[in-house]
Amino acid sequence: DQASVDYLLELGDDALILGQRLGEWCGHAPSVEVDLSLANMGLDLIGQATNWLGAAAECLDGKDADALAFHRDVLDFKNCLMVEQPNGDFAQTMARQFLFSTWQHMLLERLTGSSDQQVREIAAKSVKEVAYHRELASDWVIRLGDGTEESARRMADGLDWNWRFIPELFEVTKEREELIERGIAADPREFEDDYRAALANILAEAQLEAPADQRPILGGRRGHHSEHLGHLLAVMQFLPRTYPDAKW
Amino acid sequence: DQASVDYLLELGDDALILGQRLGEWCGHAPSVEVDLSLANMGLDLIGQATNWLGAAAECLDGKDADALAFHRDVLDFKNCLMVEQPNGDFAQTMARQFLFSTWQHMLLERLTGSSDQQVREIAAKSVKEVAYHRELASDWVIRLGDGTEESARRMADGLDWNWRFIPELFEVTKEREELIERGIAADPREFEDDYRAALANILAEAQLEAPADQRPILGGRRGHHSEHLGHLLAVMQFLPRTYPDAKW
Amino acid sequence: PALVEEFERRVAADEFIEPKDWMPEAYRKTLVRQISQHAHSEIVGMLPEGNWITRAPSLRRKAILLAKVQDEAGHGLYLYCAAETLGTSREEMVEALHSGKAKYSTIFNYPTLTWADIAAIGWLVDGAAIMNQVPLQRTSYGPYARAMVRVCKEESFHQRQGYEAMIALANGTGEQRRMAQDALNRWWWPSLMMFGPPDDKSPNTERSMRWRIKRETNDELRQKFVDITVPQAEFLGLTVPDSDLAWNEEKGGYDFGEIDWEEFYAVVRGEGPVAKERMKARRDAWEKNAWVREAADAHAARKRAAKVA
Amino acid sequence: PALVEEFERRVAADEFIEPKDWMPEAYRKTLVRQISQHAHSEIVGMLPEGNWITRAPSLRRKAILLAKVQDEAGHGLYLYCAAETLGTSREEMVEALHSGKAKYSTIFNYPTLTWADIAAIGWLVDGAAIMNQVPLQRTSYGPYARAMVRVCKEESFHQRQGYEAMIALANGTGEQRRMAQDALNRWWWPSLMMFGPPDDKSPNTERSMRWRIKRETNDELRQKFVDITVPQAEFLGLTVPDSDLAWNEEKGGYDFGEIDWEEFYAVVRGEGPVAKERMKARRDAWEKNAWVREAADAHAARKRAAKVA
């Protein structure tokens, strides 16, 4: 049904778009070690995207994961706004990763108990990878927050840039309610307090203040994105759009 | 014939790609005045591209200027390597404009005497615009070269980045020889000395040294570009590629 | 007081006040705020459109858009010059923008997601701007009024081009029509907000009207905009996203739904969807290019010195 | 002299030299140069491929490419570590790269223009790299030899994936075949240059062979590469861009045309088509992110101090 497909698309698009963003770092990271870990996270996320989009495609006649990744335009992408945010500097990238992976990890933990077998299986495969992303990003938040004056300022700016996209992660629509009731989807509101506490813990260790909350910025799940996504898609989809008949 | 079409494509692609690059500045220039003049040059160049590509399309069944601009991939673009170089900072942008517009101006002056009526007419329309681009860019080279220590260093770097693409502007292939003999194309070698002298004059006034010559980097005219062009095209062509049946 | 009386008399008689004339401090301040806010809007407004210059779908559309942003830079310049005649420097105005002290139109804090947004901006945003600006061609401050004459002429050209681009989409493929409707859905309410808070929440309106800095109230202009725009949407075959919208025979205009003023004030506070992007872009343009302006000044100073010597 | 004799004897007997063993300064220097050059090549080599990660044409190809660059970063790390055992720090090696003192493979100064270039790099560049590297698994310096065992295993995997991607293109649409042929045209000669100058212009070859730092000459390896690769091109239905290419029954290998050594030396001098881009990218990555490394050091120092206290 449409609600399930939408859910799978959300999960897949989050992973795809963040994986794409991480791929932009290739060869430009602060050290070879970091280059390696960014490529590694990107690879995990592209793998997860392939699984989620593959599952969504099974419900859509004649589609496959690639068709969904490369032949939808912005209004049909359902990722949250946070993952499409630009990399900025390394602090901004890690702030984004920290805020997203912490949420994604809590979500996937719950999805390992989904009533849908496919969701359960993909979640079980992904959750270990994401636990590692969460740890790695948390470590960087601490290291940069509790590093030099410059790194603390940059990390604070990075958190500030991404903070306004947190509420969207906990948005639940009516259609989603139903999917939660059927046990297919997880209810993010159940772990919002845990999430906020987890952030607070890491920020305390990093000697950083949480940015002020402001009016939530929503819309990604309904295809209403920031201006960044269109540029990302223009690049990402160039080959399949330009050579629609080719197989690679 | 193919040689004429190739020539029109070169002229059109040079203008199109440089116009596209200038469009990237929109809203990000050092002052409102500069924003205005960059948009103005970009507009001139897009207009010129429309004319040259339109003329090329007339020789190609069922094509129009838009088809040529938006439905060719890198290997078929014939612009010189200089115009596709990234904007870099404002000094790099103006260095590129100075080196290119000076050449383009000398070329167009000669093309106003082309044996081909259409070439003559488009050249006559464009040459005044380009005279202004040349003047504006020359002024900025002088202003930045003879400005502060920082601006002089940046302008020197900008010239250094673009300098290696000068020899390509004077490349003449066998096919081109023939077009020159027929009076359709201009022979850039005839004004290479003038060109070098014009650069030397402005650089002297700007208190800048000319960068050292090195092994020429060629290939743009044969579709062998830098890595920058593909990214530019991915963005520029996104809509027509994504919605091939749409009219705008 | 005699000066004040004379000033009020001239303004009431629709005479122009010129830079060298005496004027009340509050008049000067209000004008600087209003004109610089308008100038900032022109400049910030280049950003959502600049976002599509590199992706315009045809050479013709790319040229039209480049010409439009060029006009907007020009408008920004006239307006900054008009404000400078009141004794505030460009630097001061720019710093006020970057510090968040000066405002710009809330509309530019919304993102341009698809090409249809560019058409919608031309149609709705420029349409609303004209509605605001036409009366200002007769505003009491001379330099401002003269700047507005030029601005209005070009702005109405932009509005027509925007509507024409919208027609192309509305008559286009299903995907284009979807883009067009989606753009109208997203830009409609922010466009209505462009006229500012409702009259009963707009304390300075009365004085500004008396001073001929404003010539119609926010709600009057908003009503005019709705009445003109709704039939245009109908012509396009698009649906205005307001279930309360209905023709009111009695008042000879449309009734329309309640505006989300909470959103409006949040956007004014700088919490609009892409406000951070806009301010970052403008600050970066200014600060990262400071060396260009410094170099130009240094060079000009050297030239002047050489001439004197 | 006794130490030298003992060293030469051990090397001649194919024994491994370990970090703590005595070794001639020239041996150490040559090794540092060779290993760091190899490490730099892995790191710089991520750039032409990184250029296509964001544009890989399918999820599968994107994942393969990400895995490949991840491996390359890993190879860079092993190799830097191996070089560090010889007493040169990572910082010193990186500085030498950025100052232009240290070199990296000339091949990475050519641009990746189309997706076919990614396939061609896997097929030809990794193919040539393996040809160079397989003998180094038995090189005389222990840490280097052990690093090469891991590197070679992964590298041959990359080569197979590249060839497989090339097959997809060669069996694809006309446009894909054109890309594939064009990529072969552009990458063929630079790949042959990867084996270095001809033997008669390679003065240190003899000593390096004696020290088992090299185990075959440049020309021998180049010949081997041509002999293996030409039939692969034939299988793909692609034409090797060398009109002098011909099977020589007598020597049991291919004769091939003259390499443009002038181009080779220009690229070595840093005048390759995208050399400026490569060095700028590496310098920017290092310098603009220095604050990250400083922060990590500061944090680690604070943690250590806290533990001690």
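Please give the residues from the range D:153-186 for which the solvent-accessible area of heavy atoms, probe 1.4 Å, is smaller by at least 10 Å² with all protein chains in place than with the chain isolated.
In the range D:153-186, residues shielded by partner chains: D:ALA168, D:THR173, D:GLU175, D:GLN176, D:ARG178, D:MET179, D:ASP182, D:ARG186.
If each of D:ASP255 and D:ARG9 carries a label point 7 Å out from its Cα toward its Cβ, how far apart are those two points in nm?
4.8 nm
Which percent of the accessible heavy-atom area of the range D:166-309 goes to carbon and sulfur, probe 1.4 angstrom?
Working: 3740 of 7230 Å².
C and S atoms contribute 52 percent here.
Tell me which GluC sites (Glu not before Pro) from the range A:144-237 have a DSSP coil assignment and no more than 16 other beta carbons within 10 Å of their own.
A:GLU171, A:GLU209
Pick out which of A:ALA137, A:ALA234, A:ALA49 has the largest mean-square fluctuation in a Gaussian network model of chain A, springs linking Cα atoms closer than 10 Å.
The residue with the greatest mean-square fluctuation here is A:ALA234.
Computed on protein heavy atoms with a 1.4 Å probe, what is the summed buried accessible area for the chain pair C and B, in Å² to the nearest 100?
Details: alone 15800 and 12090 Å², together 23910 Å².
Heavy-atom accessible area buried at this interface is about 4000 Å².
Could you sort out which of B:LYS78/C:LYS288; B:LYS125/B:LYS174; C:LYS103/C:LYS280 sit more than 23 Å apart by Cα distance in this structure? Walk me through the numbers before you get to the answer.
Working: B:LYS78/C:LYS288 34 Å; B:LYS125/B:LYS174 29 Å; C:LYS103/C:LYS280 14 Å.
Beyond 23 Å: B:LYS78/C:LYS288; B:LYS125/B:LYS174.
Please give, to one decimal in nm, the separation of the simple spin-label points placed at A:ASP61 and C:PHE235, each 7 Å out from Cα toward the Cβ.
Once both label points are built, they end up 4.0 nm from each other.
Share of antiparallel DSSP beta bridges in the protein assembly as shown, in percent to the nearest 5? Numbers along the way, then the final one.
Numbers: 6 of 8 bridges.
Here the antiparallel bridges make up roughly 75 percent for the protein assembly as shown.
Specify whether the C-alpha gyration tensor of the range C:35-91 places it in the rounded, prolate or oblate class, a ≥ b ≥ c being the square roots of the eigenvalues: rounded for a/c under 1.5, otherwise prolate if a/b is larger than b/c and oblate if not. The partial results should precede the final answer.
Values: a/c = 4.56, a/b = 2.85, b/c = 1.60.
In terms of gyration-tensor shape, prolate.
What's the Kirkwood radius of the range D:226-299 in Å, using all Cα pairs?
Values: mean 1/r = 0.0601 Å⁻¹.
Evaluated on the range D:226-299, it is 16.6 Å.
Which shape class applies to chain D: rounded if a/c is under 1.5, otherwise prolate when a/b exceeds b/c and oblate if not, where a ≥ b ≥ c are the square roots of the Cα gyration tensor eigenvalues?
Numbers: a/c = 1.98, a/b = 1.22, b/c = 1.62.
Oblate, since a/c reaches 1.5 and b/c is not below a/b.
Suppose you put the label 7 Å out from Cα in the Cβ direction; list, shortest first and in nm with one decimal, how far A:ARG110 is from each other copy's label.
Computed spacing set for this position: 7.2 nm.
I need the trypsin sites (Lys or Arg not before Pro) found in the range B:143-193, filtered to DSSP loop residues with at most 16 other beta carbons within 10 Å of theirs.
Working: sites: B:ARG143, B:ARG153, B:ARG154, B:ARG164, B:LYS174, B:ARG176, B:ARG182, B:ARG189; in loops: B:ARG164, B:ARG182.
Hits after loop and neighbour filter: B:ARG182.
Mind checking the per residue accessible area of chain C for me, 1.4 Å probe, whole number of Å²? Please list the in-between numbers first.
Working: 12950 Å² over 309 residues.
I get 42 Å² per residue for this part.
Any idea what the dipole of the range A:39-131 comes to, in debye rounded to 20, about its Cα centre with Lys/Arg Cβ at +1 and Asp/Glu Cβ at -1?
280 debye
Show me the trypsin sites (Lys or Arg not before Pro) within the range D:91-147 that DSSP assigns to loop and that have at most 11 other Cβ atoms within 10 Å of their Cβ. Numbers along the way, then the final one.
Details: sites: D:LYS101, D:LYS103, D:ARG138, D:ARG146; in loops: D:LYS101, D:LYS103.
Listed in order of number, the matching sites are D:LYS101.
Using modelled backbone amide H atoms (1.01 Å from N, in-plane), which distant-in-sequence or interchain residues come within less than 5 Å of C:TYR254's amide H?
Correct list: C:ASP227, C:ASN248.
Round to the nearest 10 and report in Å² the accessible area of D:LEU79, as given by a 1.4 Å probe over the protein chains' heavy atoms.
0 Å²
Just the number, please: carbon plus sulfur as a percent of the accessible area of chain B, 1.4 Å probe, no ligands or DNA/RNA counted. Can you show the working numbers first?
Numbers: 4060 of 8760 Å².
Heavy-atom surface of chain B belonging to carbon and sulfur, 1.4 Å probe: 46 percent.
Can you classify the protein assembly as shown as rounded, prolate or oblate using the Cα gyration tensor, where a ≥ b ≥ c are the square roots of its eigenvalues, rounded means a/c under 1.5, and otherwise it's prolate if a/b beats b/c and oblate if not? Mind dumping the intermediate values first?
Working: a/c = 1.74, a/b = 1.41, b/c = 1.24.
It comes out prolate by the Cα gyration axes.
Kindly provide the helix-only [θ] at 222 nm of chain D, computed as the sum of -39,500 (n - 2.57) over DSSP H runs of four or more divided by all residues, to the nearest 500 deg cm²/dmol?
Details: 14 runs with 202 residues, N = 309.
That calculation yields -21000 deg cm²/dmol at 222 nm.
Can you give the helix-only mean residue ellipticity at 222 nm for chain A, where every DSSP H stretch with n ≥ 4 adds -39500 (n - 2.57) and the sum goes over all residues, rounded to the nearest 500 deg cm²/dmol?
On the way: 12 runs with 165 residues, N = 248.
Taken over chain A, the calculation gives -21500 deg cm²/dmol.
Partner chain Cβ atoms within 10 Å, averaged over the residues of D:42-52 - can you pull that number for me?
Working: counts 1, 3, 1, 1, 8, 4, 2, 2, 8, 6, 5.
Going residue by residue through D:42-52 and averaging, the value is 4.
Take the solvent-accessible surface of the protein heavy atoms, probe 1.4 Å, and return the percent of it on the range C:1-98 that carbon and sulfur atoms account for. Walk me through the numbers on the way to the answer.
Numbers: 2090 of 3650 Å².
In the range C:1-98, the share of accessible area belonging to carbon and sulfur is 57 percent.
Enter the buried accessible area of the A/B pair, total of both sides, probe 1.4 Å, in Å² rounded to the nearest 100. Could you put the intermediate results ahead of the total?
On the way: alone 12100 and 12090 Å², together 23280 Å².
Buried area (both sides, nearest 100 Å²): 900 Å².
Can you list the residues of the range A:142-156 that have at least 50 square angstrom less accessible area with all protein chains present than in their chain by itself, probe 1.4 Å?
Residues of the range A:142-156 that lose at least 50 Å² of accessible area once the other chains are added: A:ARG143, A:ASP146.
Sorted from shortest, what are the nm distances separating the label point of D:ALA300 from equivalent points in the other copies, each placed 7 Å from Cα along Cα to C-beta?
Those separations, rounded to one decimal, come out as 5.1 nm.
Remind me, relative contact order of chain A in percent, using alpha carbon pairs under 8 angstrom and six or more residues apart?
Numbers: 349 pairs, mean separation 61.2, N = 248.
Relative contact order here is 25 percent.
Summarise the partner chain shielding of B:215-227 as one whole number: the mean count of Cβ atoms from other chains within 10 Å of each residue's Cβ. Before the final figure, lay out each step's value.
Numbers: counts 9, 2, 6, 1, 4, 0, 0, 0, 3, 7, 3, 6, 12.
That average works out to 4.
Take the rotation relating chain D to chain C, measure from its axis to every Cβ in chain D, and name the nearest residue with the distance in whole Å.
Output: D:LYS288, 7.
Please get the size of the charge dipole for the range B:57-105, origin at its Cα centre, with Cβ charges of +1 on Lys and Arg and -1 on Asp and Glu, quoted in debye to the nearest 20.
Values: 4 positive and 8 negative charges, 49 e Å.
So the magnitude is around 240 debye.
Take A:ILE202, C:ILE43 and sort them by solvent-accessible surface of the protein heavy atoms, 1.4 Å probe, largest at the top.
So, going from the largest accessible area down, we get A:ILE202, C:ILE43.
Sort C:49-62, D:86-99 by packing, meaning the average of other beta carbons within 10 Å per residue, with the highest value first. Please report the intermediate quantities before stating the final value.
On the way: C:49-62: 23.0, D:86-99: 15.8.
Order by mean packing, descending: C:49-62, D:86-99.
Gaussian network model of chain A, Cα springs within a sub-10 Å range: biggest mean-square fluctuation belongs to which of A:VAL235, A:VAL34, A:VAL127?
Maximum fluctuation in the GNM of chain A, among the listed residues, is at A:VAL235.
Each label point is 7 Å from the Cα along the Cα-to-Cβ direction; what then is the distance between the points at D:GLU262 and A:ASP187, in nm?
Each label point is offset 7 Å from its Cα along the Cβ direction, giving 7.7 nm.
Mind telling me which of D:ALA102, D:ALA120, D:ALA290 comes out most flexible in a GNM of chain D, alpha-carbon contacts under 10 Å?
Among D:ALA102, D:ALA120, D:ALA290, the largest mean-square fluctuation in the Gaussian network model of chain D belongs to D:ALA290.
On average, how much accessible surface per residue is there in the range A:92-248, in Å², for a 1.4 Å probe, leaving out ligands, DNA and RNA? Please list the in-between numbers first.
On the way: 6480 Å² over 157 residues.
Ligands and nucleic acids excluded, the result is 41 Å² per residue.
Using protein chains only and a probe of 1.4 angstrom, how many square angstrom of C:HIS158 are accessible, to the nearest 10?
My reading of the accessible area for C:HIS158 is about 0 Å².
For chains B and A related by rotation, which residue of B has the Cβ nearest the axis, and what is the rounded distance in Å?
That would be B:ARG241, 2, residue then distance in Å.
The values are calculated or read from the model by the stated rules, or taken from the named source; none is laboratory data. Since the model is a prediction, treat every value here as computed from it, not as a measurement. Glycine also receives a Cβ, built like all others from the backbone with ideal geometry; neighbour counts cover every protein chain displayed. Keep in mind that these areas ignore ligands, DNA and RNA; they rest on the heavy atoms of the full protein, side chains included. Shrake-Rupley method; radii C 1.70, N 1.55, O 1.52, S 1.80 Å.
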